[in-house]
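The structure under discussion appears below in the form of structure tokens.
Each value in this text was obtained by applying a stated rule to the coordinates, not by laboratory testing. Treat the numbers as computed from the prediction; the structure is a model and nothing was measured. Every residue, glycine as well, gets a Cβ built from its backbone with ideal geometry; the counts of neighbours run over all protein chains shown.
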Amino acid sequence: MLHGNESIAHYKKSNIAIWMLMAFQGGFLNIGGLMACHRFVSHVTGYGTTVPYEMATEGIFEAARMGLVPSFFLAGAMVSGYLVDIRLKLHKRPRYYVSFGLIFCALVFICMTGDKGFFGDFGEPLSNKRDYFLLTLLAFICGVQNGTITTVSKSVIRTTHLSGITTDLGIGLMRFIFRGKIGTDVQNEGRANLMRIGIIAFFLIGSFAGFYAFSFYRFNGFILPIFTSGVLCFTMIYFAVTASRHSQKMN
């Protein structure tokens, strides 16, 4: 689990559970953004294509608004870097509970205010400032989540988009196929490939579950990722308090 300076790059059951849960949440949040305002949330490559298109067809103002979304994904990753990666590099205790706490609070805000009409009608075309605000919030959440899991898994895992993990799977499958010629560690490569397939599968399952949740409950569909991120947040708080007490006893 995420506590102390522990990495989750190892194939422990608790680590695998975190990876799959976060992949599920990544798929869930992406389908939520798509159904709410017709745009993917964490598809930075897509925005890199869309921004120049908007510049050419709609003008600089629309391009700038569209460019805000990946900027907030970047901001979320930077916040995660400050809370986790930099503290690990400085041999300080990373603040996982703050990362997941930010995700939890942002999702609670989206769910509560969205249900009251703050973001307009669920499923309306992307046109108003409130729609871009929703997208930027979701992108920020995904940036924090992806940055945190990427750091503590030593770049083994990305949970909010599939391009990197699919690339890793393709390379890993070829390593496995040619294991006799290149001397690949069959056991580790096999486990890595199964993990990658699991990440992709749980992302898709999260998207599938999100479709039905948001179809029936609209903004209240965000209650499920609120629950998952809340469990992780309060678990990390428990570990942080326990570790602090243990450190005080040692001193």
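Backbone phi angles across the stretch 160-169, fed through the Karplus curve with coefficients 6.51, -1.76 and 1.60 (θ = phi - 60°), yield HN-Hα couplings of 10, 8, 10, 4, x, 5, 5, 4, 4, 5 Hz in residue order; Gly and Pro are listed as x. Here the Karplus relation 6.51 cos²θ - 1.76 cosθ + 1.60, evaluated at θ = phi - 60°, turns the backbone of the stretch 219-229 into coupling constants of 5, 5, x, 6, 4, 5, x, 4, 5, 5, 5 Hz, with x for every Gly and Pro. Loop-only check: which trypsin sites (Lys or Arg not before Pro) in the stretch 43-125 are DSSP coil with at most 12 other Cβ within 10 angstrom? Here the trypsin sites (Lys or Arg not before Pro) that fit, given the DSSP loop and packing criteria, are K92, K116. The chymotrypsin sites (Phe, Trp or Tyr not before Pro) of the stretch 168-204 that meet both conditions, a loop assignment by DSSP and at most 12 other Cβ atoms within 10 Å of the site Cβ, are F178. Going from the residue with the fewest nearby Cβ atoms within 10 Å to the one with the most, H91, H38 rank H91, H38.
Which order do K13, K154 fall in if you start with the one that has the fewest other Cβ atoms within 10 Å?
Arranged by neighbour count, lowest to highest, K13, K154 become K13, K154.
Using the Cβ-Cβ distance between T167 and E189 with R0 set to 25 Å, the FRET efficiency works out to roughly 0.95. Going 7 Å from the Cα of F234 along its beta-carbon direction, which residues of the stretch 105-137 have the amide nitrogen within less than 14 Å of the resulting point? Correct set: 105.
Cross-link partners for K116 among the lysines, with Cα-Cα distance under 22 Å and sequence neighbours closer than 8 places in the same chain left out: K129.
Taking 0.36 nm per residue of sequence separation and removing the Cα-Cα distance, the I197/V241 pair yields an extension gain of 12.3 nm. Between F208 and E124, the simple label model (points 7 Å from Cα in the Cβ direction) yields a spacing of 3.3 nm. Rounded to the nearest 20, the size of the Cβ-charge dipole of the chain about its Cα centre is 1060 debye, with Lys and Arg at +1 and Asp and Glu at -1. With each label modelled as a point 7 angstrom along the Cα→C-beta vector, the H91-C105 pair spans 3.1 nm. Mind scanning K92/K154; K89/K154; K12/K92 and naming the pairs with a C-alpha gap bigger than 19 Å? With Cα atoms farther than 19 Å apart: K12/K92. Per-residue Cβ neighbour counts within 10 Å put T228, T45, T159 in the sequence T45, T228, T159, beginning with the fewest.
For the pair I60 and H38, a Förster radius of 22 Å applied to the C-beta separation gives a FRET efficiency near 0.50, rounded to the nearest 0.05. Net charge of the neighbourhood of F203, taken over other residues with C-beta under 15 Å away and scored Lys/Arg +1, Asp/Glu -1, is +1. Relative to the longest principal Cα axis of the chain, at what angle does helix 186-217 sit, 0 to 90 degrees, rounded to 10? Value to nearest ten degrees: 30. The string of couplings for the stretch 138-154 from the Karplus curve (6.51, -1.76, 1.60, θ = phi - 60°) is 5, 5, 4, 4, 5, x, 5, 4, 5, x, 5, 5, 4, 5, 6, 9, 6 Hz, one whole number per residue in order, with x for Gly and Pro.
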